[in-house]
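Values in this text are rule-based calculations from the coordinates and carry no lab data. Here the structure is a predicted model, which means the values were calculated and not measured. Here Cβ is always computed from backbone atoms with ideal geometry, including for glycine, and neighbour counts include all displayed protein chains.
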Amino acid sequence: MEHAVGDDSGWVIPENPDFYADWAANKTFTVGDTLLFDFYTGLHDVTPVIKEDYDSCSVTVPGTTIKTGPATLNLYIPGDHYFICSVEGHCLFNQKLAIHVVDNDSSN
C-alpha cells in the first residue's frame, strides 16, 4: 500500500506542529508498503535518520538524502523509522515524521 505522507498537503513545513504525528497515528504501516513524500525539488528533501537525529533535528549518521521530489521510499524492515527534511530550519518547524512498521505476517 502506498501512503502519501501528509495526504493532500504533502511533505511541507506544517502549520500545526503535530500534523505529521497526527497523520501517522491513524495508519498501519506494513513491511512492503511505500511512503510517497510529495515535495518540490529544491525546496525540501527527505532524509531517513536515527531517533536521536530525529529528536535533535540533526544528521549525525550519514545516510541517504533524497533531494528530488516526489520521492518514494519502500518500507522493508519492521520497527521504528524516522524521517526529516534536512533543509536548514525545516525539521525545527516540525517537518519530520516518525512511524512504526509492522511485519507483514500473512500466516495470521
**Item:** Local electrostatic count, F93, Cβ distance below 13 Å [Lys/Arg +1, Asp/Glu -1]
**Value:** -2
**Message:** Output needed: Cys residues of the chain lacking any neighbouring Cys C-beta below 4.7 Å, sorted by number.
**Reply:** C85
**Complete:** For the chain, averaging the sequence separation of alpha carbon pairs under 8 Å that lie six or more residues apart and dividing by its residue count, the contact order in percent is 33 percent
**Asked** What are the chymotrypsin sites (Phe, Trp or Tyr not before Pro) within the stretch 8-108 that DSSP puts in a loop, where the Cβ has at most 13 other Cβ atoms within 10 Å?
**Response** Y40, Y76
**Asked** Between the stretch 45-108 and the stretch 1-25, what is the C-alpha centre distance in whole Å?
**Response** 13 Å
**Asked** Charges only on Cβ, +1 for Lys and Arg, -1 for Asp and Glu: so what's the dipole of the chain about the Cα centre, in debye to the nearest 20?
**Response** 220 debye
**Prompt:** Amide H of V101: which non-local residues (sequence gap of 5 or more, or other chain) have their own amide H closer than 5 Å, using H built in the peptide plane?
**Reply:** G79, D80, H81
**Request:** Provide the percentage of antiparallel DSSP beta bridges, counting only those with both residues in the chain; round to the nearest 5.
**Result:** 70 percent
**Prompt:** Can you run phi through the Karplus equation (6.51, -1.76, 1.60; θ = phi - 60°) for the stretch 67-83 and list ³J(HN,Hα) in whole Hz, with x for Gly and Pro?
**Reply:** 9, 10, x, x, 10, 10, 10, 8, 9, 9, 10, x, x, 8, 9, 10, 9
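With a cap of 15 neighbouring Cβ atoms within 10 Å, and only residues DSSP puts in a loop, list the trypsin sites (Lys or Arg not before Pro) found in the stretch 34-105.
On the way: sites: K51, K67, K96; in loops: K67.
Sparse-neighbourhood loop trypsin sites (Lys or Arg not before Pro): K67.
To the nearest 500 deg cm²/dmol, what mean residue ellipticity at 222 nm is calculated for the chain from DSSP H runs of n ≥ 4 alone, each contributing -39,500 (n - 2.57), summed and divided by the residues?
Working: 2 runs with 13 residues, N = 108.
So the calculated ellipticity at 222 nm is -3000 deg cm²/dmol.
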